[in-house]
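> Have a look at this one before I ask anything.
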Amino acid sequence: MTVQGAPASAYDMGHAVEAEAVATFAVLVDNEPGVLHRVVGLFAARGYNIESLTVAETDAAAHTSRITIVTRGTPHVLAQIEAQLQKLVSTRHVQNVTKDPNGAERELALVKVRGAGAKRVEALRLAEIFRAKVIDTTTASFIFEITGAPAKIDKFVGLMRPLGLVEVSRTGVLSIERGVETL
């Protein structure tokens, strides 16, 4: 039976479309060869995209590294990613920094801007507002260093685009938990 022209189907379960969200995962792993390959392979095998990835040794004595991954997906997909990261043999701990009220995220970017005259003055004015530091200057360009939340850096880059943006280099997101707690 159809309702106003809609076909009736026993398979139509009325799935609601879930909105995608961005999530940052901090993963404490054993610092050994192949760990990063396994983490990246997990994402590649399931068709998940990595928007930002940073890795560094955090404790030489304990042989641990911290991997910070920014990805995007529905709440269901993000829960799957977290569960799969937990299952990796060399994983010691996984934290969804996005869900943690004590989580802090920052990124560093170098932004090169070409400009002269009024555009040059405007670029310097905006850099001051965003607390970006001039680390190199010539008569024709600047290189700014800016740190902060990824959204702040996105906004700064967007404002520099019409002023003569030449190039952007970003570190990727870093995260840590506020207070005395550790990962």
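> Distance in nm between label sites at Thr54 and Asp30, each 7 Å beyond Cα in the beta-carbon direction?
Label at Thr54, label at Asp30, 2.6 nm between them.
> For a Förster distance of 22 Å, can you work out the FRET efficiency between the beta-carbons of Asn102 and Ala149, rounded to the nearest 0.05?
Details: r = 15 Å, r/R0 = 0.69.
Given R0 = 22 Å and the Cβ-Cβ separation, E is 0.90.
> To test your reading of the geometry: what angle, between 0 and 90 degrees and rounded to tens, separates the Cα axis of helix 117-129 from the longest principal axis of the chain?
60 degrees
> Separate question: On a 0 to 90° scale, report how tilted helix 75-87 is relative to the longest principal axis of the chain, with both axes built from alpha carbons and the result rounded to the nearest 10.
It works out to around 90 degrees.
> Next up: Within the range 138-183, list the GluC sites (Glu not before Pro) lying in a DSSP loop whose Cβ has at most 12 other Cβ atoms in a 10 Å radius. Don't skip to the end; give the middle numbers.
Numbers: sites: Glu145, Glu167, Glu177, Glu181; in loops: Glu181.
Filter output for the range 138-183: Glu181.
> Treating cross-link reach as a plain straight distance, find the lysines whose alpha-carbon is under 23 Å from the alpha-carbon of Lys119, omitting any fewer than eight places away in the same chain.
Excluding near neighbours in sequence, the set is Lys133, Lys152, Lys155.
> Could you tell me the calculated FRET efficiency between Arg92 and Thr138, based on Cβ-Cβ distance and R0 = 45 angstrom, to the nearest 0.05? All intermediate terms of the calculation are to be shown ahead of the outcome.
Values: r = 47 Å, r/R0 = 1.04.
It comes out at approximately 0.45.
> What are the lysines whose alpha-carbon lies under 27 Å from the alpha-carbon of Lys87, with same-chain residues fewer than 8 places away excluded?
Qualifying lysines at Cα under 27 Å: Lys99.
> Consider the candidate values [x] 1.17; [y] 1.01; [z] 1.37; state which one is Cα Rg over 2.2 N^0.38 Å computed from the structure displayed.
Among [x] 1.17; [y] 1.01; [z] 1.37, the one derived from this structure is [z].
> Moving to a separate point now. What is the distance in Å between the Cα centroid of the range 154-179 and that of the range 17-95?
Result: 22 Å between the Cα centres.
> Compute the helix-to-body angle for 35-46: its Cα long axis versus the longest principal axis of the chain, expressed 0 to 90° and rounded to tens.
Here the helix axis deviates by roughly 60 degrees.
> What size of dipole, in debye to the nearest 20, comes out for the range 76-121 about its Cα centre when the only charges are +1 on Lys and Arg C-beta atoms and -1 on Asp and Glu C-beta atoms? Kindly include the intermediate steps, with their values, before the conclusion.
Working: 8 positive and 4 negative charges, 89 e Å.
Charge dipole, the range 76-121, about its Cα centre: 420 debye, nearest 20.
Read-outs throughout are calculated quantities, based only on the coordinates presented, and are distinct from any laboratory measurement. Only a predicted model underlies this, so the values are computations on that prediction, with no experimental measurement involved. Here Cβ is always computed from backbone atoms with ideal geometry, including for glycine, and neighbour counts include all displayed protein chains.
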